[in-house]
Structures are given as structure tokens and as C-alpha cells.
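Peer 1: Okay, handing you the structure first.
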Amino acid sequence: MALIPFRGRTMPGATLDTLREQMNDLLNRFWSGAAEPFGLAEWAPALDVSETDDAVLVDVEIPGIDPSTLDISVAGDILTLRGEKPNEGGGHGRNYHRVERRYGSFTRSLTLPASVDADKVEAKARFGVLSIRLPKREESKARRVEIAPG
């Protein structure tokens, strides 16, 4: 194994701030270009799926999205949510120091844990949360089975 000697180089006027800027630039370039293989480049809202005896409930975080622009569809046991979160800032005349919010269009599909009645799906939005209620079909509802005396 060969060792390569380190010959440090110094930059005139280099400070800790310069080093911090270079490291931030390096990390930003890495995460903006290399994030796609890790699945981090795509944006989709977070959601919770729960179930009651009568329905499947889906709560989706949609802050900054007009609920009337969302497309909700149910095909079989697949719920699909499509929409777009607009970038309202635009960045014109701004010098950003950090950008963590995600923007753009998204599609989110998930397999529902029970058969639902697509004709009776209800959705409402309140305080940046979209709540979708998907009533279960009669055949998928749990029912109690009585045991006959032997």
C-alpha cells in the first residue's frame, strides 16, 4: 500500500467562513445531483392511513396547496392523489442561504387495506390537512360470527 504525502495548500484570506461556504456548496451539489438514486429528489406529501370498522381514513399534509386543485381517484384498491405545490417565492432578487421546502407536482398512490366503495368517498381540507374517508364495502367489514351450542 502506497501512501501519498499530504501537501496542504492554503488559500490567501481563507477563514472558517470560507471553509463553511465551501462545505455547504459541496453538500448542496451532492444532494441536488446525487439525491435521485436515493429517492430523495421526488417530492410527495406525508400521509397517515388508519382504519375503523366502517372506513379507511387517509390524512395528507397539504400546506400551501389549494385543495380544489388536487385530483383524488380510487380504482379497485388503489387510492391515487395528484397535485402540485407552487413555488410562490420564485427566488427573484433573493440570496438564499438555505432551501428546505419542496415544490412541484406529485403523484402518490397507495394500496388500501380493505375493499372500499369508491362512489361514497368523502374528502375535506382543514388547516393544511386533507382528510379522505373511504367507506368499506359491506363484504369487507368485520362481522361477528355466533357459535351455535354444540
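Peer 1: How charged is the neighbourhood of G64? Take every other residue with its Cβ under 15 Å from the Cβ of G64, and add Lys/Arg as +1 and Asp/Glu as -1.
Peer 2: The answer is -1.
Peer 1: Label R98 and L57 with points 7 Å out from Cα along Cα→Cβ: what is the distance between them in nm?
Peer 2: With each label point 7 Å from Cα toward Cβ, the separation is 3.4 nm.
Peer 1: With Cβ to Cβ distances under 15 Å as the rule, what net charge do the other residues near A118 carry (K, R +1; D, E -1)?
Peer 2: On the way: positive: K120, R133, K136, R137; negative: D71, D77, D117, D119, E122, E138, E139.
That works out to -3.
Peer 1: Could you work out how much longer the chain between W43 and A123 gets when fully extended? Use 0.36 nm per residue separation minus the Cα distance between them, nm to one decimal.
Peer 2: Stretched out fully, the W43 to A123 stretch lengthens by 26.6 nm.
Peer 1: What lysines does K136 reach when the alpha-carbon gap must be under 21 Å and sequence neighbours fewer than 8 apart in one chain are set aside?
Peer 2: Reachable lysines: K120, K124.
Peer 1: What net charge do the residues around M23 carry, taking every other residue with its C-beta under 12 Å from that of M23, with Lys and Arg at +1 and Asp and Glu at -1?
Peer 2: Result for the local shell: -1.
Peer 1: Just how large is the dipole of the stretch 76-137 about the Cα centre, in debye to the nearest 20, putting +1 at every Lys and Arg Cβ and -1 at every Asp and Glu Cβ?
Peer 2: Values: 13 positive and 7 negative charges, 43 e Å.
Dipole magnitude for the stretch 76-137 comes out near 200 debye.
Peer 1: May I ask you to derive the FRET efficiency for E84 and L26 from their Cβ-Cβ distance with R0 = 30 Å, giving the value to the nearest 0.05?
Peer 2: 0.45
Since every read-out is calculated from the coordinates, none of them should be taken as a lab result. Here the structure is a predicted model, which means the values were calculated and not measured. Quick reminder, even Gly has a Cβ in these numbers, built from the backbone with ideal geometry, and neighbours come from all protein chains shown.
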